[in-house]
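The structure under discussion appears below in the form of structure tokens.
The values are calculated or read from the model by the stated rules, or taken from the named source; none is laboratory data. Please read all numbers here as calculations on a predicted model, not as lab measurements. Positions of Cβ are generated from backbone atoms using ideal geometry, with glycine treated the same way; all protein chains shown enter the neighbour counts. Just so you know, the surface numbers come from the protein's heavy atoms only, side chains and all, with ligands and any DNA or RNA stripped out. Shrake-Rupley method; radii C 1.70, N 1.55, O 1.52, S 1.80 Å.
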Amino acid sequence: MISEAEKVQGTPQQKKTHCEHEGECMKLVQLIVDGQATEEQMAQFKNNMAKCLPCENGYELEKCIKDAMQLRIEKKCVPTSLIDCIKKKISGL
Amino acid sequence: MSEQEEIPTLQTYSETEKHRVFEKEFMPHIDSMYNFAFRLTNDEDDANDLVQDTYLKAFRFINSFEEGTNAKAWLFRILKNSFINDFRKKSKEPSKVDYQDVETTYNSEEDAETTQTVDLRAETVQDLIGDEIANALNSLPVDFRTVIILCDIEGFTYEEMAKILDIPIGTVRSRLHRARMLLKEKLKSYAKNLGYDVNADTLAEN
């Protein structure tokens with residue numbers, strides 16, 4: 001039974017395992033992951049994903065790293081003493 | 001300090017307006033600014049000084065800021081310039097830079113046609129904890145670290161990054177590409193040292 005995702009992306013067996021345009025494709029993947037791609041580039045990317053395993057893996061890896069950067073790196077809260085100090089200095093200007 | 005030359009005065013706020021604009025437009029970004037400063041300097045005291053310095057400059061040059069425009073990008077640009085002009089010289093950063101990384105990466109920064117791939121799987125990255133990801137990021141040379149912070153952590157567009165960093169958009173793209181290649185190498189190295197099977201597919205094929 002073929003899943004909906006496989007209908008769109010192709011089954012793993014149908015995909016090529018070597019990408020002859022990997023450099024170009026990875027630049028396209030970067031634009032997609034960063035939300036900077038045009039409609040045309042988006043369509044080209046979807047077409048690649050349907051046929052090419054290295055492109056699919058490359059996308060998964062880039063997306064995973066970007067998500068890790070956004071969600072898993074600790075965000076520090078600014079010390080209140082710094083806010084107080086800035087406000088005090090500003091009010092004195 | 002060269003902001004006065006770089007940024008023209010756009011309006012004249014009254015003293016009351018200056019404080020209102022400062023509070024409304026600049027203060028909401030202080031957490032992001034502090035995190036950016038900390039990631040650049042790798043030092044809490046330096047981050048404190050850098051953020052304070054940035055906010056004082058922002059207030060001093062507030063007439064160069066048009067209310068309702070992109071305050072976050074404006075502040076990040078001042079912080080980045082302050083870091084380069086005032087902090088980078090005295091920071092501990094030079095000893096942390098792997099100059100081989102810089103040389104290898106910068107030599108080809110404008111030539112993003114070169115194809116390099118890092119044999120690393122998404123599953124391996126998912127297994128790494130936040131501290132390991134942060135260590136990999138912190139180990140990058142500061143210019144590469146900066147583009148990843150701006151893009152991936154702060155969510156700036158390429159156009160905003162180009163303005164913050166004072167470089168063309170094409171250079172933003174290629175520097176980001178190189179930075180990510182380097183980051184993947186670092187992540188792979190961390191994963192390998194921690195005992196993860198970083199290229200199981202390759203081994204299975206052999």
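The table below gives the values:
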| item | result |
| --- | --- |
| Output for segment B:25-70, where each listed residue is among the aromatic types (Phe, Trp, Tyr), assigned to a helix (DSSP H, G or I) and in contact (Cβ under 8 Å) with a residue 24 or more places away in the chain | B:PHE26, B:PHE36, B:TYR55, B:PHE59 |
| Residues within segment B:17-48 that are open to solvent by less than 50 Å² (accessible area, probe 1.4 Å), over 14 Å from A:LEU82 (Cβ atoms) and within 8 Å of chain A (Cβ to nearest Cβ), tallied | 1 |
| Search result, residues across segment B:149-181 that are within 12 Å of chain A (Cβ to nearest Cβ) and of a type in the set (A, V, I, L, M) | B:ILE149, B:LEU150, B:ILE153, B:MET161, B:ALA162, B:ILE169, B:VAL172, B:LEU176, B:ALA179, B:MET181 |
| Residue list for segment A:33-58, filter: closer than 22 Å to B:GLU185 by Cβ and modelled with pLDDT of 95 or more | A:VAL33, A:ASP34 |
| In segment B:49-91, the residues that are out of contact with any Lys or Arg (no Cβ under 9 Å at 6 or more places or on another chain), charged (D, E, K, R) and more than 14 Å from chain A (Cβ to nearest Cβ) | B:GLU66, B:LYS72, B:LYS80, B:ASP86, B:ARG88, B:LYS89, B:LYS90 |
| Residues that are among the charged types (D, E, K, R) and without any contact (Cβ under 8 Å) to a residue 40 or more places away in the chain, drawn from segment A:29-55 | A:ASP34, A:GLU39, A:GLU40, A:LYS46 |
| Residue satisfying all of: in segment A:73-93; within 7 Å of chain B (Cβ to nearest Cβ) and in a helix (DSSP H, G or I); surrounded by the fewest Cβ atoms within 10 Å (Cβ to Cβ) among these | A:LYS89 |
| Residues within segment A:35-72 that are outside any helix (DSSP H, G or I) and crowded, with 19+ Cβ neighbours inside 10 Å, tallied | 1 |
| Enumeration of residues in segment B:49-65 that are open to solvent by less than 70 Å² (accessible area, probe 1.4 Å) and basic (Lys, Arg) | B:LYS57 |
| Hits in segment A:21-44 - residues which are farther than 17 Å from B:GLU159 by Cβ and within 7 Å of chain B (Cβ to nearest Cβ) | A:GLU22, A:GLY23, A:LYS27 |
| Hey, B:ILE84 in contact with a Leu (Cβ under 8 Å, 6 or more places away or on another chain), part of a helix (DSSP H, G or I) and at pLDDT 55 or above or not | no |
